[in-house]
Structure formats: C-alpha cells, structure tokens
Amino acid sequence: MDLLEVLKNGVRPALGCTEPVAVGLATAKAFEVVKGQIEHIEVSVSPNIYKNGMGVGIPGTKEIGLAFAAALGITCGDANLGFEVFRNVDDNSVSKAEKLILARKVKIDLEVNEGNFYIKAIVKTSNGEGICIIRDTHINIVFVSANNKIIFEKQEDNIVSETNVSENLGDVTLIDIRNYVENVPFSDIEFMFEGVKLNMNIAQVGLEEKSGPGLGAAMDALMSEGVMQKDVINQARIMTAAACDARMAGINMPVMSSAGSGNHGITAIIPPTVLCEFMGYDDEKLARTLAFSHLTTAYIKVYTGGLSPVCGCAVAAGIGASASITWALGGNNIQIGGAIKNMVGALAGMVCDGAKGGCAFKLSTASSEAIIQAKLAMANVFINDTDGIVDPVAEQTIKNLGKFCIEGMKSADSEIIHIMMGE
C-alpha cells in the first residue's frame, strides 16, 4: 500500500466548501466543451451533496448555495484547477452569475438513485449541450460529452482504481501507519507544511475579520477576559473555529484538505500544529505528526464513507488529530488506540446537518477534545472496552463507527435532509 499516494491524493488545496466546488467544477467542464450563450443550466446531485451545499458561502462572493456555485462555474470556472475551480472569481463573474440566477436559468435537482456522491451538470447554450458527470469524489470527472458526442468516459475499472486509492487502507493497521510515519523520508512529507501555512493563515483572517458567526473571535475575546483559560487546548479550539468561520463564510482563500475535504483538513491540521508549536517540536516532528493525522483520517473515512450522516470533519478528522497528537507526545500503540477509542466514545453521535457557518462549533469542539483525549490516553485513562460501539481493538472500534455511520444513521440522514428542505 503506497501511503504517500494516499497523502498526495487526499491532501490538496481547496478553495471553498468542496461540495459547491464540485458542482462548479461540473458546470465549468460542461460549459467548456460547448461555449456559447447560456440558455439553461441543470444540475442533479445526490442528497448529501445537496445537504452540504445549501447554506455555505461561495469564495469571493456574498452568496451561498449550489445554484450560485453552478452559475459561477460558468462565469469564471476553470475546470483544469480542480479544487480551485473558483480561483479566478472577480466582481464581473459574480455579476454575471447573479444575472443567470435572476433569469431563472439555473435549476438544482435531487438524484436519489445514483449513490452517495453524484453530480450531473447539463449546460445548454446557443452552441448545443454539454454534459459532465462527477462520481465518488469531488474532482473525479467520469463523463463529458458535447452535443451527444462522448469526449471523455472513464471506464468502471478505472473509476474504482483511481477514486478509491485510500480504500486499500482497509488492509493496513494503525501500527502500519505508525511505522510508515516514523520511517518515511522527511523530504517526502515536507509538503505537509503547505497545509500549516494555508490553514493557519485563514484562521488568522477569521479572527481578524470575525467571519461568519465569529466563533473563533468570540472565544478569543473570552480568553482575553479571563473567562477561558489561555492554554494549548483553547488556542487550538479558537484557531480551528476561526479557520472554519472564514471558510464557511466564503473567504476567498484556500485551505489544505484532508481525505478530500477542506473542513477535515482544518481539524486534521490545526490542533496537531498548535500542540507541536506549544511543545517546541521541530519541523520534522510536526511533518510526521501531520502525516499521521491525515493517514488516520483517511483510514477512518474508508469505513465511515466520504459523505455520511455523522460529521466527519469533527469525528473522523478529530480522531485522526487525536491519534497523531498522542504519537507526538510519545504515546505507545495502546495509548494511541486508547485516544482513538476515547474520541469515538466522546463524539460518535455528532450529526452532519450540512455545511454552513455552524460547522465551526463542531470543529472547535473536536479540536479541543483531540488534545484532551490524547493527554488522557497518555495518562492511561481509557473508555471502557465494553462501552457501546467501543471495542478492545482500535481498528474494530473504527469499523463499528463505520457501521453506525452508514447503516445505523440512514433514517437520520434522510430526516435531516427533509427538515433542511422544509418538508
């Protein structure tokens, strides 16, 4: 199993919430192959894409939602940029997108029969019709056509091999991940520092501008007032919240993703970074800690799924962060597994009710728990192995979490979506 490939596939810059980004990528590609004057844009998405795109800000704009993302993909999207499809957004492209919305030329539909992650964009113009389909992951384009002529179609075998790179992680153990992190050449993982730079920068902007609900800035003020103690746990909580505040508000800055998700990246990167800086660890220790965090997060996502009823940004990435922090603190395999089980016991029931400003509250909770549970594990304080879905073996605990997320929460996910749609 090439764990470096897992890192390089899952740890990439992302501009904006990745579900609207994926919709913008689909419309950008569909438009790219036909051009012309826009007549109509129709986008069909799976329920979880719909859920995660309804209330989140679009980078460089003051708008929210999938319809605007679809329009913006037409007016400024560059499909070659993948996660950064909206990099070239400006006032002119925003104005053009607004006109498409006002002219009722954009339609978003639910598609419930095409799996957990599906986007189909049909763009009709004066030159004809372009179609783009994305499956399984945010930038995995599997079909493109122009005027009924197939331009690109990914065969099913290639879809499996290319989009499920991390699924082979199910064949490894947490000890395998640890051994890799401890022995991989430092030069191979120096790109971890780009994530530190991106995610800490957007956190600082979130603090200064009091973006979105302003949770990070508000907690920072509480710290200044003496209501919250000034310590590494609260510092991680504040910076994580501020980064999410800014990202969900649509600040035009990229973050580094983890397991293909920007908010996962915020949780996977910021708490370990704050902890390592607090402890005075060197760059190599930080890089290895972050690699551990990303790989553990990706491992968990194999079982919990790419989009699930449970908040992966807090639960999966929070567990990854806690495991990596425990390792950084010198934890043994029992303590690392204990931190994972503690986190599952603490956060397993946190639901995902869509991407929006309120995500900052969940991520901030996970970030502080990541450090607390790591420190408790280092003190050999572990949740009981017979408690709920917790198992004596950490890997089985993660598998149990996956069953809970995918099978146990199906009806909850459906009900959440109905509530969000006002039904």
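Read-outs throughout are calculated quantities, based only on the coordinates presented, and are distinct from any laboratory measurement. Predicted model only: the values in this text are computed from it and were never measured. Every residue, glycine among them, receives a Cβ derived from its backbone with ideal geometry; neighbour counts consider all protein chains shown.
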Stokes-Einstein diffusion coefficient of segment 230-337, Kirkwood radius over Cα pairs, 25 °C, 0.890 mPa s, in µm²/s: 176 µm²/s
Taking the chain and dividing mean pair separation by its residue count, relative contact order in percent (alpha carbons under 8 Å, at least six apart): 18 percent
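Taking a threshold of 20 Å on the Cα-Cα distance, which of the pairs Lys107/Lys410; Lys120/Lys410; Lys62/Lys99; Lys341/Lys375; Lys35/Lys149 fall above it?
Violating the 20 Å Cα-Cα cut-off are Lys107/Lys410; Lys120/Lys410.
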Within straight-line cross-link reach of Lys362, aspartates and glutamates at Cα separation under 19 Å, skipping those fewer than 8 residues along the same chain: Glu19, Asp220, Asp245, Asp353, Asp413
Given charges at Cβ of Lys, Arg, Asp, Glu: segment 172-420 dipole, positive-most of Val184, Gly402, Val172: Gly402
Segment 1-80 and segment 352-423: distance between their alpha carbon centers, rounded to Å: 27 Å
Where the Cα pairs of segment 28-133 fall when distances are cut into 5 Å bins, in %: 2, 14, 23, 27, 22, 10, 2, 0
Percent RCO, i.e. relative contact order, over segment 291-401, from Cα pairs under 8 Å lying at least 6 residues apart: 33 percent
Net lengthening on full extension, Glu153/Ser224 (0.36 nm per residue, minus Cα-Cα): 19.9 nm
Dipole of the chain [Lys/Arg +1, Asp/Glu -1 at C-beta], most positive-end residue of Leu295, Ser367, Cys17: Cys17
Under 14 Å from Lys124, Cα to Cα: aspartates and glutamates that are on another chain or at least 8 residues apart: Glu32, Glu39, Glu42
Volume in Å³ per residue [convex hull over Cα atoms, computed for segment 172-420]: 117 Å³
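Quick check: convex hull over the Cα atoms of the chain, volume per residue in Å³, rounded to an integer? Could you put the intermediate results ahead of the total?
On the way: hull volume 56.4 nm³, N = 423.
Per residue, the Cα convex hull of the chain comes to 133 Å³.
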